[in-house]
Amino acid sequence: MSNKKPESRAIRASRCALKTIWGQPSWEFSSSHVNAFLTRRGGHLAPVRFRLRRKTVQPFAIAPWAQETLARSTPSVLRALRGDFFCCPFGGNVTPWRNERHPPHGETANGRWRLRSIDRADSRVTLHASLVTAVRTGRVEKYLTLVDGHTAVYLRHVLTGLKGPMSLGHHALLRFPTAPGSGVVSASRFLHAQVLPTTFESPREGGYQSLRTGVTFRSLERVPLAYAGRDRAYTDLTRFPARKGFDDLVMLTADVKLCFAWTAVTFATERYVWFALRDPRTLRHTILWMSNGGRHYPPWNARHTAVMGIEDVTAYFHYGLAESAQRNPIARRGFPTTLRLAAHRPTSILYIMGVASLPRGFDRVTRIERAPCGIELVAANGQRAHAVLDPSFLETEDVEA
């Protein structure tokens with residue numbers, strides 16, 4: 001898919017009425033196979049409904065407190081929390097970076113976006129919104145494109161005027177069916193995998209984690225538990241929901257030699273797969289945040305369950321810009337945890353999220369390959385599924401680590 005704009009009919013922003021969806025004023029845009037909403041607050045993308053043959057699926061999570069009155073101190077990112085949102089800088093940002101004090105996951109996940117247009121051109125529609133940043137002066141343009149016949153969203157964020165190191169990335173939240181192990185998680189080849197090096201959740205603060213802090217592992221199917229009995233020293237992170245009552249976080253570092261990196265979740269009973277594709281030069285790592293009722297403090301109150309954050313980022317875990325820009329252990333291993341932005345040169349972050357129907361018996365994704373008119377998803381048992389897609393959308397040259 002070319003980023004060059006064809007002849008189009010733009011719908012003026014003033015004519016695009018906001019609709020309140022799950023407590024948030026949002027803009028709606030649609031194609032033949034996708035209906036989506038983007039919140040004005042924080043630019044969160046959800047719900048997104050994909051039409052697959054004779055059914056419609058909506059894979060994204062929406063916070064259970066979406067329509068509740070929250071404490072005034074609640075960050076905007078939690079008020080809108082849903083679907084996918086772009087983080088710049090990515091992370092909690094508790095520690096300031098020099099004189100920059102960013103909110104959790106940055107102004108892009110909290111601020112008020114301005115709709116520029118919804119362009120309809122031939123077989124595609126593009127929502128264009130923008131945000132002027134104040135903590136580090138600059139501008140972020142958001143382009144979300146749907147294409148008739150494609151069960152996917154093409155996302156492009158263009159950063160201009162921003163200078164210096166930046167942690168950033170996408171923060172997709174998927175809702176899993178409640179049955180244990182109903183979704184099977186897989187990822188493209190990774191070179192390093194590690195549980196968060198510090199405590200993720202503390203019982204003193206009303207939070208609980210199950211994984212052993214800081215350990216590295218080679219396979220998602222065998223990760224050490226913190227409190228292991230004689231027969232259960234390890235757990236399988238590919239199957240979720242699991243470990244009820246705990247929240248955990250791990251990070252995988254993709255091989256930069258891949259033509260594209262991917263993450264996928266197979267929902268065998270529902271007969272579909274969710275996937276995300278990215279350029280590993282711009283989004284090097286995947287953070288898996290497994291949230292299954294481990295947070296008992298507000299607004300979570302142990303009710304944020306069966307949700308997984310699949311967060312494709314360039315960052316040092318979820319800490320924030322300060323920790324990502326410093327010489328952290330991941331950076332010392334030669335894996336970038338920030339991108340270096342230049343004020344005179346725009347930086348584009350490209351991303352694709354989509355779904356595909358699965359044949360009966362498809363177990364889990366082990367490979368995603370280019371194919372005529374799209375991609376082929378290959379299962380461990382050899383079965384295949386096809387998605388109409390344009391992976392060339394991810395090709396860009398404006399990368400500097």
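The values are calculated or read from the model by the stated rules, or taken from the named source; none is laboratory data. Since this is a predicted model, take the numbers as computed values, not measurements. Virtual Cβ from ideal backbone geometry, glycine too; neighbours counted across all protein chains shown.
For the residues S32, S76, the requirement of being buried (at least 16 other Cβ atoms within 10 Å of the Cβ), polar (S, T, N, Q) and in contact (Cβ under 8 Å) with a residue 12 or more places away in the chain singles out S76. In the range 279-314, of all residues being assigned to a strand (DSSP E or B) and hydrophobic (A, V, I, L, M, F, W, C), the one that is surrounded by the fewest Cβ atoms within 10 Å (Cβ to Cβ) corresponds to W289. Exactly one residue among V140, V135 is of a type in the set (A, V, I, L, M, F, W, C) and crowded, with 23+ Cβ neighbours inside 10 Å, and that residue is V140. When we screen A315, A261, A306 for residues that are over 14 Å from the mean Cα position of the chain (by Cα) and either within 27 Å of G207 (Cα to Cα) or small (G, A, S) (or both), the only hit is A306.
Restricting to the range 344-395, count the residues that are within 27 Å of T160 (Cα to Cα), touching a residue at least 12 places away in the same chain (Cβ under 8 Å) and in a loop (DSSP other than H, G, I, E, B). Number satisfying all stated conditions: 3.
For the range 74-84, does any single residue satisfy the condition of being in contact with a Lys or Arg (Cβ under 7 Å, 6 or more places away or on another chain) and of a type outside the set (G, A, S)? Yes. Exactly one residue among L146, L162 is touching a residue at least 40 places away in the same chain (Cβ under 8 Å) and over 26 Å from F50 (Cβ atoms), and that residue is L162. Exactly one residue out of V215, V265 is of a type in the set (A, V, I, L, M) and either in contact with a His (Cβ under 6 Å, 6 or more places away or on another chain) or under 25 Å from S182 (Cβ atoms) (or both): that is V265. The test for being surrounded by 19 or more Cβ atoms within 10 Å (Cβ to Cβ), out of contact with any Phe, Trp or Tyr (no Cβ under 6 Å at 6 or more places or on another chain) and within 23 Å of F90 (Cβ to Cβ) holds for F60. Filtered by the rule that a residue be surrounded by fewer than 21 Cβ atoms within 10 Å (Cβ to Cβ) and over 22 Å from the mean Cα position of the chain (by Cα), the range 356-369 gives P359, R360, G361, D363. Of all the numbered requirements in (1) surrounded by fewer than 21 Cβ atoms within 10 Å (Cβ to Cβ); (2) at pLDDT 95 or above; (3) assigned to a loop (DSSP other than H, G, I, E, B); (4) not small (G, A, S), R327 misses one, and that requirement is (2).
Residues in the range 187-218 that are without any contact (Cβ under 8 Å) to a residue 24 or more places away in the chain, of a type outside the set (V, I, T) and surrounded by 12 or more Cβ atoms within 10 Å (Cβ to Cβ): R212, G214. Report yes if some residue within the range 16-27 is at pLDDT 95 or above, closer than 30 Å to P165 by Cα and in contact with a helix residue (DSSP H, G or I) (Cβ under 6 Å, 6 or more places away or on another chain); otherwise report no. No, there is no match, as no residue in the range 16-27 is at pLDDT 95 or above, closer than 30 Å to P165 by Cα and in contact with a helix residue (DSSP H, G or I) (Cβ under 6 Å, 6 or more places away or on another chain).
Which one of these is modelled with pLDDT under 95 and acidic (D, E): D231, D279, D247, D255? The match here is D231. Taking the conditions (1) of a type outside the set (S, T, Y); (2) surrounded by 20 or more Cβ atoms within 10 Å (Cβ to Cβ); (3) more than 18 Å from the chain's Cα centre (by Cα) in turn, D148 satisfies each one other than (2).
For the range 249-302, how many residues meet the condition of being polar (S, T, N, Q) and under 23 Å from V215 (Cα atoms)? Result for the range 249-302: 5.
Return yes when F317 is crowded, with 24+ Cβ neighbours inside 10 Å, touching a Pro at 6+ places or on another chain (Cβ under 8 Å) and not in a helix (DSSP H, G or I) and no when it is not. So F317 fits the description; yes. No other residue among G164, G149, G183 is touching a Phe, Trp or Tyr at 6+ places or on another chain (Cβ under 6 Å) and over 22 Å from G43 (Cα atoms) apart from G183. Determine whether the range 114-124 contains at least one residue that is at pLDDT 95 or above and under 19 Å from the mean Cα position of the chain (by Cα). Scanning the range 114-124, I find no residue that is at pLDDT 95 or above and under 19 Å from the mean Cα position of the chain (by Cα), so the answer is no. The residues of the range 158-169 that are in a strand (DSSP E or B) and buried (at least 23 other Cβ atoms within 10 Å of the Cβ), listed by number, are L159, M166, L168, G169.
Considering only residues in the range 86-105 that are touching a residue at least 24 places away in the same chain (Cβ under 8 Å) and among the polar types (S, T, N, Q), the one that is nearest to H44 (Cα to Cα) turns out to be N93. Regarding the range 314-328, can at least one residue be identified that is among the aliphatic types (A, V, I, L, M), touching a Ser or Thr at 6+ places or on another chain (Cβ under 6 Å) and either without any contact (Cβ under 8 Å) to a residue 40 or more places away in the chain or more than 30 Å from T199 (Cα to Cα) (or both)? There is no residue in the range 314-328 that is among the aliphatic types (A, V, I, L, M), touching a Ser or Thr at 6+ places or on another chain (Cβ under 6 Å) and either without any contact (Cβ under 8 Å) to a residue 40 or more places away in the chain or more than 30 Å from T199 (Cα to Cα) (or both).
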